[in-house]
1. With respect to A26, is the statement that it is closer than 25 Å to P289 by Cα, touching a residue at least 60 places away in the same chain (Cβ under 8 Å) and within 10 Å of the ligand (Cβ to nearest atom) true?
2. Tell me, please, whether a residue that is farther than 22 Å from P289 by Cβ and surrounded by fewer than 18 Cβ atoms within 10 Å (Cβ to Cβ) can be found in segment 58-80.
3. State whether the residues of segment 24-47 include one that is out of contact with any helix residue (DSSP H, G or I) (no Cβ under 8 Å at 6 or more places or on another chain), modelled with pLDDT of 95 or more, surrounded by fewer than 19 Cβ atoms within 10 Å (Cβ to Cβ) and under 18 Å from N318 (Cβ atoms).
4. L113 - would you say it is at pLDDT 95 or above and in contact with a His (Cβ under 8 Å, 6 or more places away or on another chain)?
5. Any chance segment 147-160 includes a residue that's among the basic types (K, R) and out of contact with any helix residue (DSSP H, G or I) (no Cβ under 9 Å at 6 or more places or on another chain)?
6. When the residues of segment 101-131 are filtered to those that are loosely packed, with under 12 Cβ neighbours inside 10 Å and in contact (Cβ under 8 Å) with a residue 24 or more places away in the chain, which remaining residue is farthest from A62 (Cα to Cα)?
7. Within segment 113-120, is even one residue more than 15 Å from the ligand (Cβ to nearest atom) and in contact with an Asp or Glu (Cβ under 7 Å, 6 or more places away or on another chain)?
8. State which residue is nearest to the ligand (Cβ to nearest atom) when the search covers only segment 37-55 and only residues that are in contact (Cβ under 8 Å) with a residue 12 or more places away in the chain and over 22 Å from the mean Cα position of the chain (by Cα).
Amino acid sequence: MSDGKFLATLAGKRFPTPPIWLMRQAGRYLPEYRAVRATTKSFLDFCYTPEKAVEVTLQPIARFDLDAAIIFSDILVVPHALGQKVWFEEGEGPKLEALTDAAQFGQLSRARLTDFLQPVYTAIRETRGRLAPGKALLGFAGAPFTLACYMIEGQGSREFAKVKKWAYGHPDSFGLLIDLLVEAVVDHLCNQVEAGADALQLFDSWAGVLPEEQLFSWSLEPMVRIAHGVRARHPKIPIIAFPRAVGPAALMYRRSDAFSALSLDTGIGAHWAAQELQPHICVQGNLDPIMLVTGGVAMEREAKRILDKLGHGSFVFNLGHGVVPQTPPDHVARLVEIVRSW
Ligand code: CP3
């Protein structure tokens, strides 16, 4: 177990400067990641090779001394473990054999999820063993709506028309898919905790495409059910919710009965968050990943602005979304320096 700054912050403790980690901190912007990545053709095989997953998980901690590591894996391992065909095409991102009717998801089953995802749990166990005690290890999963987006669209999308038409037109059958995903994600997250994850993050990357009432039913409510399900088995595990691009609807995610922190995308103003969210729940975020690409005085000014707004309350420094491949690693080192010397 880790008792460092990151977990203490999630538990409500304050420090002179906040802890920092970055979404997608292990990735293509690091030459040492690309070197390990080059040894396996298929991205999923790479995720399922514990030695490699452990190595790339630890790389950004070794290089930048971040306060938390996030296990190297992907949100799409859950649909894969349920029996859906998933693959990654070079330069194109994820592809799935899209679900087109309710009968098809009747064939998905969570019975073999725990066996299927053993390599992820092995990687967590080994990473936890190699990580310094003061550094936290995050496990994660995609939230049901974001997983359903990929499962029904078969890939990323601009409009998400298929998944929305299904959710709006056939809420009963869409609800069955969401229920299955809630249970599968609870299993996957509990397995990660049992393997040694110190905290969890739920990524609802596509929540922002839904109108408010649908957002409640298909994003917030399933995420709360997951948090309660995980907490029933692991009462103390901190859970961070990342409902991306939901704007002021972030207000409804201030659910301290379910979440320990709310991760904010770049679109949420730090000043508004300090007034409306932070008094109720710890917040994480929200530097624009392109500021990290830009670096220099622009990045410094913006990082300090965020620190000045949010650093006086319960806060974890992070980006508003993942590190992008064109990020110069030196800018990450500089960002850590800025945060630590604030
Ligand atoms: O360092 C970390 O953050 C841990 C690893 C991690 C990955 N994916 C590795 C990855 C995490 C937490 C994720 C989450 C994830 N995966 C999300 C939610 C967060 C978000 O970005 O909104 C989503 C939507 C996915 C699905 C996914 N995986 C996409 C859309 C892509 C292609 C886009 C891209 O960047 O290429 C992936 C591939 C992927 N997952 C890569 C990495 C490092 C790049 C592929 C490679 O290295 O070959």
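1. Values: closer than 25 Å to P289 by Cα: yes; touching a residue at least 60 places away in the same chain (Cβ under 8 Å): no; within 10 Å of the ligand (Cβ to nearest atom): yes.
Judged against the criteria, A26 is not a match.
2. no
3. So far as segment 24-47 goes, yes, one or more of its residues are out of contact with any helix residue (DSSP H, G or I) (no Cβ under 8 Å at 6 or more places or on another chain), modelled with pLDDT of 95 or more, surrounded by fewer than 19 Cβ atoms within 10 Å (Cβ to Cβ) and under 18 Å from N318 (Cβ atoms).
4. Values: at pLDDT 95 or above: yes; in contact with a His (Cβ under 8 Å, 6 or more places away or on another chain): yes.
Judged against the criteria, L113 is a match.
5. Among the residues of segment 147-160, at least one is among the basic types (K, R) and out of contact with any helix residue (DSSP H, G or I) (no Cβ under 9 Å at 6 or more places or on another chain), which makes the answer yes.
6. Here the residue is Q107.
7. Quick first cut of segment 113-120, residues more than 15 Å from the ligand (Cβ to nearest atom) only: 113-116, 118.
Cutting the leftovers down to in contact with an Asp or Glu (Cβ under 7 Å, 6 or more places away or on another chain) gives us 113-114.
Yes, some residue in segment 113-120 is more than 15 Å from the ligand (Cβ to nearest atom) and in contact with an Asp or Glu (Cβ under 7 Å, 6 or more places away or on another chain).
8. Result: T40.
The values are calculated or read from the model by the stated rules, or taken from the named source; none is laboratory data. Just so we're clear, the structure is a prediction, and the values are computed from it rather than from any experiment. As a convention, Cβ positions derive from the backbone with ideal geometry for all residues, glycine included, and neighbour counts pool all protein chains shown.
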